[in-house]
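Have a look at the structure below, then the notes.
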Amino acid sequence: MSMLETADLRLVYGNGRAIVNGMSLYLPKGKVYSIIGPNGCGKSTLLRALSRQLKPDRGQVLLEGKNLFRTPPKEAARKLSFLAQGQEKVEMKVKDLVGYGRTPYRSLGQPRPTREDQTIVAWAMEATSVAAMAERDVATLSGGERQRVWIAMALAQRPEMLLLDEPTTYLDICHQMEVLELLQHLNREYGMTILMVLHDMNQACQFSDEIIVMKAGAIHAQGEPRQVMTPELLQEVFQVRALVNEDGDSGKPFCRIQGKITG
């Protein structure tokens, strides 16, 4: 069964220019997916539509077979959690920010967290290794620590699918790996479907079950990393010359860029 899918999806900006046009996408449950592609190809725009942030100009986004934009917001938030790019520094305790993830489960007459809320918030902080920071101010944390806290907040929604727009942006390589390993753990341990936009194609190969390659608002290729990542694709989509070898430890493709295509 699909977790998310689109049918003839068209997304436009205010000037009427189509960023995504006629896209059909099918994402079964339980996998880690990465979207890669050149700047301006529509990656983040697509993620906004899939997370109910941008209404399609045409076509549908289906969440478990139901129209996402006809699904009540709280019901959708219990299935999908979305983390945008570059979260702001907020001045509040870690445990309080993570607690905001329980909002879709609270009624207007229930402002205080329940015992269940407290249990789930504690679980989310443990799962992301931020429990020891519960009383600290989020603004005092490092970039990697803050990103884990925001992911903990998303987990507190108890979603079936987590969508992330460039979750490693502004992080050093150590913290990038930390975040990606955490996302892989959430998929393997809890069966959570992960969809993320990444810039680093080798990280996409290493941490994804499937890669979605976009070009000019359309899907150019989708499949397992070893099927998708070829020198021919890198030339067609990214305009670069590259060697693609198999990593000896993981068996995943490793791309070595040799130069850009000229002329």
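The values are calculated or read from the model by the stated rules, or taken from the named source; none is laboratory data. Predicted model only: the values in this text are computed from it and were never measured. For neighbour counting, all protein chains shown are included, and Cβ atoms are generated from backbone atoms with ideal geometry for every residue, glycine included. The accessibility values were calculated without ligands, DNA or RNA, using every heavy atom of the protein model including side chains. Shrake-Rupley method; radii C 1.70, N 1.55, O 1.52, S 1.80 Å.
Any idea what the relative contact order of the chain is, in percent, if you count C-alpha pairs under 8 Å spaced at least 6 apart?
Dividing the mean separation by the residue count of the chain yields 23 percent.
Taking the Cβ of LYS79 as the center, what net charge do the other residues with Cβ under 9 Å away carry, scoring Lys and Arg +1 and Asp and Glu -1?
-2
What does DSSP give for the chain in terms of the percent of beta bridges that are antiparallel, rounded to the nearest 5? The partial results should precede the final answer.
On the way: 28 of 45 bridges.
Rounded to the nearest five, the antiparallel share is 60 percent.
With a 1.4 Å probe and all protein chains kept in place, how much accessible area does GLU246 have, in Å² rounded to the nearest 10?
140
Within 15 Å, Cβ to Cβ, of GLY65, how many net charges do the neighbouring residues add up to if Lys/Arg are +1 and Asp/Glu are -1?
0
Where the accessible area of the chain is counted over protein heavy atoms with a 1.4 Å probe, how much of it, in %, is carbon and sulfur?
Answer for the chain: carbon and sulfur cover 47 percent of the accessible area.
In the chain, with Lys and Arg counted as +1 and Asp and Glu as -1 at Cβ, which of these residues, LEU141, SER250, ASN39, has the Cα nearest the positive end of the dipole, that is, farthest along it?
Of LEU141, SER250, ASN39, it is ASN39.
How would segment 59-181 be classified by its alpha-carbon gyration tensor: rounded, prolate or oblate, with rounded meaning a/c under 1.5 and the a/b versus b/c comparison settling the rest?
oblate
Given a cut-off of under 8 Å on Cα pairs at least six residues apart, what relative contact order in percent is computed for segment 1-116?
Here the relative contact order equals 25 percent.
Give me the percent relative contact order of segment 107-226, please, defined on Cα pairs under 8 angstrom at least 6 residues apart.
For segment 107-226, the relative contact order is 18 percent.
Under a point-charge model restricted to the Cβ atoms of Lys and Arg (+1) and Asp and Glu (-1), what is the dipole moment magnitude of the chain relative to its Cα centre, in debye to the nearest 20? Can you show the working numbers first?
Details: 32 positive and 30 negative charges, 196 e Å.
Around 940 debye, computed over the chain.
What net charge is computed for the residues neighbouring LEU171, neighbours being all others with C-beta under 13 Å from the C-beta of LEU171, Lys and Arg scored +1, Asp and Glu -1? Mind showing how you got there, number by number?
On the way: positive: ARG146, ARG148; negative: GLU145, GLU166, ASP172, GLU178, GLU181, ASP200.
Once positives and negatives cancel, what remains is -4.
Which value, in debye to the nearest 20, describes the size of the charge dipole of segment 118-211 about its Cα centre when Lys and Arg Cβ atoms bear +1, Asp and Glu Cβ atoms bear -1, and nothing else is charged?
220
Shape verdict for segment 170-216, please, from the Cα gyration tensor: rounded (a/c under 1.5), prolate (a/b greater than b/c) or oblate.
Here segment 170-216 falls in the oblate category.
So how exposed is TYR100, as accessible area in Å² (1.4 Å probe, rounded to 10)?
130
Solvent-accessible area per residue for segment 61-202 at a 1.4 Å probe radius, Å²? Write out the running numbers ahead of the final one.
Working: 6950 Å² over 142 residues.
Per-residue value: 49 Å².
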